Amino acid sequence: MKNKVVKVLALGLLLLPGITKAQNNNVINIETRTITAKIAPTMWGVFFEDINMGADGGIYAELVKNRSFEFFRPLMGWTVSGEKVKEGDLLILNRTPVHTANPRFLRATVRNTVAGEAGLRNEGFRGIGIKQGLRYDFSVYYRQQQPGIRLHVQLLNANGKVIGDTILTPSQQDTAWHKEAVSFHATETEAKASLQLWLEGNGTIDLDMISLFPEDTWKRRPGGMRADMIQQLADMKPGFIRFPGGCIVEGFDLSQRYQWKKTIGPVEERQLIINRWNFEFAHRPTPDYFQTFGLGFFEYFQLAEDIGAEPLPILNCGMACQFNSAELVPLDELDPYIQDALDLIEFANGDTTSTWGKVRAHMGHPAPFQLKLLGIGNENWGPQYVERLQRFTKAIRERYPDIRLVNSSGTDPEGERFDYLNKALRDMHADIIDEHYYRPPQWFLQNARRYDNYPRNGSKVFAGEYAAQSDKTVSIHNKNNWLTALSEAAFMTGLERNAAVVNMASYAPLFAHADGWQWTPDLIWVDNLRSYGTPNYYVQQLFSLNKGTAVVPVHMHNDVIAGLDSLYATAALDEKSHELIIKLVNVSDKEQGYTVQLDAKPAVRARLTVLQHDDVNTVNSFEQPGRVSPKEMEMSIPGKRFPLQLAPRSLSVLRVRL
Ligand code: AHR
């Protein structure tokens, strides 16, 4: 976090005892000696889905689109180049019977060609982001039919200028498939580059899995993830990461559901499928959106481990998306789905002698991934869901009683569907119920008390997807403006206050590519080279980095602070560092003055972080990523009772050592 640290002299700019400007007589009482709930370490997490080019073209750092010619149109993303390419020189062959997962490949024939005469160009994912001086790793699978061709690899900038090139001369002459790689450096930075491949020489060659990765992937893993995007997640220190979605779990129909077993093992054997967001919205068509699964369940588990987050996979429960085909697996055919869930637990946690633990070890991770949470179904609803869920739950609880299951409460936080499921799931003693709310900012402000009266015993809540909408849900005019973020902050004080009930929460969706999104608002926006956090991101980050371990009561006029005077507040202790963490959200357009009354003596020095903007329509952007971003300052606290000024439209986090 690039916070600006401002030393605030004496009693601070925002904390001015005795100053009466905007000071009212309201006293905020905080009882630091009374713990009302423990805060789950999983409290604030992230929700990842391959939507908005979140995986392919997003965190998966592959730069070649349709590298294996498996899109519906085999040459989608590719353009044939050079005047010496004749009819029949480039053929797409299909070997389904011997290679069902990746059946197609390209057969190229050329006759005495040099660079510029015969080849193919790949456009990348809305262009290819290239950085000057960085190493790029090109690789390809090839098979020689008639040896004599070498591959001339070039990076071209948007004007067609060569900004990096190399030659790959196949070293194997036989007719078996071989993988070969070559690396080279780029001479220029370009956001919209393309990859040009010239076939030089004389002969016939088969090509597949034509791939290009930058060297600067996350943790420098070959074939890995885009580091700047993952860093944004790591900077939030999320308590969990939910994957792979979202509706993508359900699929348009069952054939398009997410099947984790097809996403592990050698990358060239992972069978791609169309991304359901490819055609979901007529107003945002993305015909070239596929899931290649270079990023699969092994990589998600590894990512969770890397960023210190609990993995939370969500599995299909035998139902396709009920907004789409709503296909159901008959109950007497549900066993393979349940087996997938049991196998996944073994894949994550089983020892290396178990069937699936062995697969994990073979992929390079003999140690278990320590899976503790598992979701069954995404946004499914109705009795059809309950009867399927009951079978999953029975089988998983019998075999793995320590795994906590996350269940869906449907698409909305109220209404008939919700009421039915909420009751049914609680009757089933569900471990965790996943609630979703895409609602206007006003809803978030009005619902800060939503969980105050939820039963303290029994099922816990996972606020699994939420985002304030500045326009109608799924409208392309939705903005990640300060009003949406501020209202989420206000609402989140209610989540923290009710940590006895709410164990987990995540904003959704997480990522969006500026040139390839389907859904807005989103937490983090990227293009081919840059990424920035929205105001909503900084709200999530501030709550997560200042989570605390236990909730303590905060009252004004003997009531919780949830909207009175446009103020929302919560307080937590960090029992390890002996700090009191107070979060205050002033949604009014006026500076507000309060008196804080503690029951314990605070240290003189405290740290205040403020996220603020006067204009609720303000957004961050690639050009101005820090317009709304946290400012951190040191301040002095005179004693147990002190005045507090809250800037208009602000989220303030005060950390005081006790
Ligand atoms: O976050 C976008 C979508 O919203 C998710 O895929 C789905 O679960 C919800 O409807």
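General observations
- Packing order of peptides 406-416, 517-527, highest average first: 517-527, 406-416 (average count of other Cβ atoms within 10 Å over each peptide's residues).
- Per-residue SASA entry for I92, accessible area with 1.4 Å probe, Å² rounded to 10: 60
- At the residue level, D427 shows approximately 100 square angstrom of accessible surface with a 1.4 angstrom probe and all protein chains present.
- Estimated inter-spin distance, D559 and S577, nm [label 7 Å along Cα→Cβ]: 3.3
- Note that the stretch 78-214 carries a Kirkwood radius of 15.3 Å, evaluated over its alpha carbons pair by pair.
- Solvent-accessible area per residue, Å², over the stretch 78-214 with all protein chains present [probe radius 1.4 Å]: 43
- Where both bridge residues fall in the chain, DSSP classifies roughly 70% of the beta bridges as antiparallel.
- Relative to the compact-globule estimate of 2.2 N^0.38 Å, the Cα radius of gyration of the chain comes out at 1.05.
- Here K179 is the anchor, and the aspartates and glutamates within straight C-alpha reach of less than 15 Å, apart from those fewer than 8 places off in the same chain, are D137, D206, D208, E268, E269.
- Selection of trypsin sites (Lys or Arg not before Pro), the stretch 566-658, meeting DSSP coil and at most 14 other Cβ within 10 Å: K576, K590, K640
- Ranking D614, D559 by solvent-accessible area of protein heavy atoms (1.4 Å probe, all protein chains present), from largest to smallest, gives D614, D559.
- Accessible surface of the stretch 78-214 [probe 1.4 Å, protein heavy atoms]: carbon and sulfur percent: 49
- Members of K38/K583; K576/K640; K237/K472; K590/K640; K65/K161 lying beyond 28 Å, as alpha-carbon distances in this model show: K237/K472
- The amide H of V502, built 1.01 Å from its N in the peptide plane, has V461 as neighbours under 5 Å, considering only residues 5 or more places off or on other chains.
- Separation between Cα centres of the stretch 441-488 and the stretch 282-318, rounded to whole Å: 24
- Backbone HN-Hα couplings from phi across the stretch 356-367 [Karplus 6.51/-1.76/1.60, Hz, Gly and Pro as x]: 8, x, 5, 4, 4, 4, 5, 7, x, 9, x, 6
- Gain on full extension, evaluated as 0.36 nm per residue between D471 and A550 minus their Cα-Cα distance, stands at 24.9 nm.
- Computed from label points 7 Å out along Cα-Cβ, the spacing between D174 and V162 is 3.4 nm.
The values are calculated or read from the model by the stated rules, or taken from the named source; none is laboratory data. Not measured: the values here are computed from a predicted model. Cβ atoms come from the backbone with ideal geometry, glycine included; neighbour counts cover every protein chain shown. Side chains included, ligands, DNA and RNA excluded: accessible areas come from the protein's heavy atoms. Shrake-Rupley method; radii C 1.70, N 1.55, O 1.52, S 1.80 Å.
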